[in-house]
Amino acid sequence: MKSIFSVSAIIIVLVFGGLSASAQNPDFPWPEGKKMAISLSFDDARGSNPDPGATLLNEYGVKATFYVVPASMESDIEGWKMVVETGHEIGNHSLYHPCSGNFAWSRDRALEDYTIARMRKELSDTNDEVERLLGVRPEVFAYPCGLSFVGKGEETQSYVPLISEMFLSGRGWLDEAPVDPYYADMAQLTGMKMDNMSFEEILPIIEAASENRQWLVLAGHENGTEGNQTTYLSMLRKLSEYANDPANGIWIAPVGTVAKYVKEKRTAMEGNLNIPGISKPAANGNIYLTSEKGRGIGPDIQYMPEWNAFGWFMAKDRVEWDMNLPKKGSYEVWMEWSVSDEEAGKPFLLTSGDQTIKGVIKPSGSWETFQKIKIGELTLDEDFNRIVVASGQEFDKGALMDLKALTLVPAKK
């Protein structure tokens, strides 16, 4: 329970669902003190993208990402060369735009008939063709129709791992929330619709993303004044003016530019972020349940990145860890914690399913001194398991402990 690290809860607003979840991390460090990032993106290489689309954006110095199908560019190669020369990003949107055969127009290139190998070849061929036509090789990808599977029934497979391997990022379509820069899978960036929407309709989404320091990736198609799947020029003008106003704290840049920045920052901050996730056994068989991957739940508990531990652990707080195990096994449970002599002596409970380990938090020497001891054993099932650490009784003053980690060591037979 050391002096509290200055953190702000980052609220992930699911704009259409009204739900939220919190993470205890510092505000994401956008460049030059900006509050958020916006990326404009357009799919299919529509004829209106170079002009008036890119032409309008160039008036404001705004650069976008254009995810292209190479064959669609051939009627206006000079226009597309202008798009590249003026600093916009070209992304891969596949060779033939395969979608589900549920769409009659896609029946001859149905994703249900694809394999991972076929998709890999076509995406590579797309990169080659874009490079031949425009002299640039795409680093980013957008899923046609927002669909990320190949095959059908029992043979269905995700091709997200392929995109993760081949590209810096992959963008979806018709998603319901901006990108959380701390958590997002770069191969599954959320793309939110901007077609057929006014600036006034999009502004609340921008404001919510700004408040929560998120990355808003907007996705559209045509550029014009009317028509289906059209991002209105009037909206783009207002959005560009709004983004260019320093008072609004917006960094507007292509998807690839923002993705590289986010990856660099996440790498630099690795080990100091609380991003709950599934833990798996390490190569030595141990399972390391670090505070970075735990979920702190309760009114007072805080993740403290300077100590890589959960502090302000009060009676109504708890920490949860989730695991996936390849097989059932028994494990010794080692806990790493700290507590002052004055606060020591409170009971704790560790539970997993119907198993419970009870103990008392012994003195570690100080809040700054961490100790690690074996507290008991558990038998964990194959596949999903959850471990919960909580107080063993109610108390009004002081704190339970600062909890750094659990280590599960395979029990000797």
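Using the structure shown, decide if Glu336 is in a strand (DSSP E or B), within 27 Å of the chain's Cα centre (by Cα) and not small (Gly, Ala, Ser).
No.
Is it the case that some residue within segment 371-388 is free of Cβ contacts under 8 Å to residues at least 12 places away in the same chain, assigned by TED's automatic domain parsing to the domain that holds Leu400, farther than 18 Å from Lys404 by Cα and β-branched (Val, Ile, Thr)? Checking segment 371-388: not a single residue is free of Cβ contacts under 8 Å to residues at least 12 places away in the same chain, assigned by TED's automatic domain parsing to the domain that holds Leu400, farther than 18 Å from Lys404 by Cα and β-branched (Val, Ile, Thr). Scanning segment 109-127 for residues that are under 28 Å from Asp76 (Cα atoms) and either exposed (fewer than 13 other Cβ atoms within 10 Å of the Cβ) or of a type in the set (Gly, Ala, Ser) (or both) returns Ala110, Lys121, Ser124.
Return yes when Ser106 is exposed (fewer than 15 other Cβ atoms within 10 Å of the Cβ), at pLDDT 95 or above and in a helix (DSSP H, G or I) and no when it is not. Criteria not met by Ser106. Close Cβ contacts (under 8 Å, 6 or more residues apart or on different chains) running from residues in segment 190-216 that are assigned by TED's automatic domain parsing to the domain that holds Phe141 to residues that are part of a strand (DSSP E or B) and among the acidic types (Asp, Glu) comprise Asp195/Glu222.
Just wondering, is there one or more residues in segment 361-372 that are aliphatic (A, V, I, L, M), surrounded by 15 or more Cβ atoms within 10 Å (Cβ to Cβ) and within 25 Å of Asn308 (Cβ to Cβ)?
yes
Consider segment 354-381. How many of its residues are closer than 21 Å to Gly296 by Cβ and assigned to a loop (DSSP other than H, G, I, E, B)? Result for segment 354-381: 5. I need a count of the residues in segment 125-163 that are touching a Phe, Trp or Tyr at 6+ places or on another chain (Cβ under 8 Å), under 14 Å from Leu111 (Cα atoms), assigned to a helix (DSSP H, G or I) and among the hydrophobic types (A, V, I, L, M, F, W, C). Counting residues in segment 125-163 that are touching a Phe, Trp or Tyr at 6+ places or on another chain (Cβ under 8 Å), under 14 Å from Leu111 (Cα atoms), assigned to a helix (DSSP H, G or I) and among the hydrophobic types (A, V, I, L, M, F, W, C) gives 1.
Inspect all residues belonging to segment 268-278 and state whether any of them is in a strand (DSSP E or B), surrounded by fewer than 22 Cβ atoms within 10 Å (Cβ to Cβ), hydrophobic (A, V, I, L, M, F, W, C) and under 23 Å from the mean Cα position of the chain (by Cα). Scanning segment 268-278 turns up at least one residue that is in a strand (DSSP E or B), surrounded by fewer than 22 Cβ atoms within 10 Å (Cβ to Cβ), hydrophobic (A, V, I, L, M, F, W, C) and under 23 Å from the mean Cα position of the chain (by Cα). Between Pro281, Pro326, Pro276, the distinction of being out of contact with any helix residue (DSSP H, G or I) (no Cβ under 7 Å at 6 or more places or on another chain), in contact (Cβ under 8 Å) with a residue 24 or more places away in the chain and under 23 Å from Lys372 (Cα atoms) belongs to Pro281 only.
The values are calculated or read from the model by the stated rules, or taken from the named source; none is laboratory data. Owing to the predicted nature of the structure, the values given are computational and were not obtained by experimental measurement. Here Cβ is always computed from backbone atoms with ideal geometry, including for glycine, and neighbour counts include all displayed protein chains.
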